[in-house]
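Trainee: Take a look at the following structure, please.
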Amino acid sequence: MAYRVLGRAGPAQPRRARRLLFAFTLSLSCTYLCYSLLCCCDDLGQSRLLGAPRCLRGPGAGGQKLLPKSRPCDPPGPTPSAPGAPSAPVAAAPAARLPAVNHSGSPRMGTKRLPQALIVGVKKGGTRAVLEFIRVHPDVRALGTEPHFFDRNYGRGLDWYRSLMPRTLESQITLEKTPSYFVTQEAPRRIFNMSRDTKLIVVVRNPVTRAISDYTQTLSKKPDIPTFEGLSFRNRTLGQVDVSWNAIRIGMYALHLESWLQYFPLAQIHFVSGERLITDPAGEMGRVQDFLGIKRFITDKHFYFNKTKGFPCLRKTESSLLPRCLGKSKGRTHVQIDPEVIDQLREFYRPYNIKFYETVGQDFRWE
């Protein structure tokens, strides 16, 4: 009887030993599994909080073969929170790794800002040339069309005006051109109310030549208008010039400048010579760049003289296979004007020109 008891107990000992061995092996496996998890993800708690890469795919991994040590972590992905665990704070998200974005959510495209500089005048002085030339500069972004905000569309508000602007980076200048601002009485005050630091560019030209160019443009659109002589004088015999005609009035630069100097110091206004813009575009644009506080990027290498049009054009660049000249409306042949009429207008403008030279500290040599 005793033998049978001992006989039954005999086989139980190896089974008990196997169970102990299995429990030890399972414990060792769990320990190795945890060690592998920590090595791959560095810190399990931190991995769940920051959304770091995970090494295991789910609870079922525990019943599978252990992963090799050389296996990389899974690609980054959202980690569900453990039941009952507190939600990770938003501030803990690795925002520094995300691309820079602006308020509209467009990465690295810049922001629409109100312009820091304006080309405010004058019509037929060369404003389009200055705009196209300065747009070559990488630190300048300019609106291609004339928004006429400060003279015609002021009631739409600054938000509407800002929406028209190109996107710029912090290092870039936003610029727009509307040459009618210079002769608009309300424009200086309105621009000052937007920003008293606004830089102003005025492109001026011999007022007689400018008036003829203005008339030539109008004539191309309205062939039935009166003659230049008829529009220029109230009484030509007495030499009475009609200052109510806009083509004449625009050239009275000293008169218009008085309104601007009530709001802006002379140091914030830069005057470009329309004549020198043709004969020395690089020199004039160099001074414009200095005024805007940007590097002299636009130089002689950007220009060539177009004999057909009679003014400089931009050479071809890496982004443009062809040279770029101003449109067909630029460089028109002026209508022929009686030399006596020209002399009379020169005498009319002379006192205004002299006062303008004295005010701005430059002699444009229009006499």
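Trainee: Quick check: at a probe of 1.4 Å, how many percent of the accessible area of segment 233-295 sits on carbon and sulfur atoms?
Mentor: Exposed carbon and sulfur together represent 51 percent of the surface.
Trainee: A further question on this structure: Around residue 237, with a cut-off of 14 angstrom between Cβ atoms, what is the net charge of the other residues, counting Lys and Arg +1 and Asp and Glu -1?
Mentor: Around residue 237, the charge tally is -2.
Trainee: Which of the aspartates and glutamates could be linked to residue 112 by a straight reach, that is with a Cα gap under 15 Å, when you skip same-chain ones fewer than 8 residues away?
Mentor: Here the aspartates and glutamates satisfying the reach criterion relative to residue 112 are 139, 159, 170, 176.
Trainee: In sequence order, what are the phi-derived ³J(HN,Hα) couplings for segment 155-163 according to the Karplus relation 6.51 cos²θ - 1.76 cosθ + 1.60 with θ = phi - 60°, rounded to whole Hz, with x for glycine and proline?
Mentor: x, 6, x, 5, 5, 4, 4, 4, 5
Trainee: Hey, can you find the accessible area per residue of segment 114-161 for me, probe 1.4 Å, expressed in square angstrom?
Mentor: Here the residues of segment 114-161 average 38 Å² of exposed surface.
Trainee: What is the packing order of peptides 354-361, 281-288, taking the mean over residues of other C-beta atoms within 10 Å and listing the highest first?
Mentor: Result, highest mean Cβ count within 10 Å first: 281-288, 354-361.
Trainee: Any of 307/355; 177/295; 199/307 with alpha carbons more than 27 Å apart? Name them for me.
Mentor: 307/355; 199/307
Trainee: Moving on. Report the net charge of residues surrounding residue 190, where surrounding means a beta-carbon distance below 13 angstrom and charges are Lys +1, Arg +1, Asp -1, Glu -1.
Mentor: So the surrounding residues net to +2.
Trainee: When DSSP beta bridges are limited to those with both residues in segment 115-260, what percentage is antiparallel, rounded to the nearest 5?
Mentor: Antiparallel bridges make up about 15 percent of those DSSP assigns within segment 115-260.
The values are calculated or read from the model by the stated rules, or taken from the named source; none is laboratory data. Model, not experiment: these values are computed from the prediction. Positions of Cβ are backbone-derived with ideal geometry, glycine not excepted, and every protein chain shown enters the neighbour counts. We work out accessible area using only protein heavy atoms, side chains counted, and drop any ligands, DNA or RNA first. Shrake-Rupley method; radii C 1.70, N 1.55, O 1.52, S 1.80 Å.
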